[in-house]
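See below for the structure under consideration.
The values are calculated or read from the model by the stated rules, or taken from the named source; none is laboratory data. None of the values given here were measured: they were computed from a predicted structure. We place every Cβ from the backbone using ideal geometry, glycine too, and count neighbours over all the protein chains shown.
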């Protein structure tokens, strides 16, 4: 992924409407109309969101029989999966483990000195 | 004083400027030991990263100019690679190293400072990115609480895609 693509991916998943659309597409391919129907926004607004998702490489669009279809492209999402563990969570969990390890190591050092 | 009294507190994560992240945390252990936990290839995999990822060190040549590489391995076998180079090693005070998250843009430079006070050690890590977008990309993975819910949703979404 290049820089712009990465920024686009993060920007894309930061929006609740777009996550909603992605969640729907995770169930399978859908038309623009089908995506727009359950959403409380206009179809042009939906199209705008789809454009953002497409630019991020998260969806693929095609036209068939005058209907516009959208399909999920999972790969960029897989690539941000690790980042989905929040930065704070990543370090807090690491440091909790380090706390425990340090206690063990301290106890071990103590034992080593014991006769 | 007792270990049972210690309540783990969150790391203080701040953004001192446009391109840096500062992470500070105090540990109830002497500096030599904390420094060892950061630099010993046997100890590091025992704490670095969330429990759900297995950590595997591929290379860890602790000296200026020495390379390092490790993997976080997800439960489904997905591997996330990280690598870089050690720039400075001052035992037991300071580690400067470059960081790359493989497949992602933007190398960062991390400076970890170890300070001891009354048997406790404070580790301050400054992570400096080349560009604000890279820094923000890293932070977008949850620094703003508003995004957390979204990422829970993303987790769910990813589960459905296996």
Discussion item. Out of the residues in the stretch B:85-109 meeting the condition of being without any contact (Cβ under 8 Å) to a residue 24 or more places away in the chain and surrounded by 17 or more Cβ atoms within 10 Å (Cβ to Cβ), tell me which one is nearest to the other protein chains (Cβ to nearest Cβ).
Written reply: B:101
Discussion item. Under 8 Å between Cβ atoms, which residue pairs at least 6 apart in sequence (or on different chains) link something in the stretch B:67-82 that is under 21 Å from residue B:97 (Cβ atoms) and within 12 Å of chain A (Cβ to nearest Cβ) with a partner that is loosely packed, with under 14 Cβ neighbours inside 10 Å and at pLDDT below 95?
Written reply: B:71/B:79; B:72/B:79; B:80/B:102; B:81/B:102; B:81/B:103; B:82/B:102
Discussion item. I want to confirm something. Restricting to the stretch A:1-43 and keeping residues that are assigned to a helix (DSSP H, G or I), modelled with pLDDT of 90 or more and surrounded by fewer than 16 Cβ atoms within 10 Å (Cβ to Cβ), which single residue is nearest to the other protein chains (Cβ to nearest Cβ)?
Written reply: A:34
Fill in: residue B:62 vs. criteria over 22 Å from residue B:22 (Cα atoms), touching a helix residue (DSSP H, G or I) at 6+ places or on another chain (Cβ under 7 Å) and at pLDDT 95 or above
yes
Fill in: Filter result for the condition that a residue is part of a strand (DSSP E or B) and either over 17 Å from residue B:118 (Cβ atoms) or modelled with pLDDT under 90 (or both), over B:21, B:7
B:21
Fill in: Qualifying position, being at pLDDT below 90 and in contact with a strand residue (DSSP E or B) (Cβ under 7 Å, 6 or more places away or on another chain), among B:29, B:12
B:12
Worksheet item: Would the stretch B:115-127 turn up any residue that is farther than 20 Å from residue B:43 by Cα and under 13 Å from the mean Cα position of the chain (by Cα)?
Response: yes
Worksheet item: How many of the residues making up the stretch A:44-80 are outside any helix (DSSP H, G or I), within 14 Å of chain B (Cβ to nearest Cβ) and modelled with pLDDT under 90?
Response: 6
Discussion item. If I ask for residues that are under 17 Å from the mean Cα position of the chain (by Cα), more than 8 Å from chain A (Cβ to nearest Cβ) and surrounded by 17 or more Cβ atoms within 10 Å (Cβ to Cβ), which ones from the stretch B:23-35 would you list?
Written reply: B:26, B:35
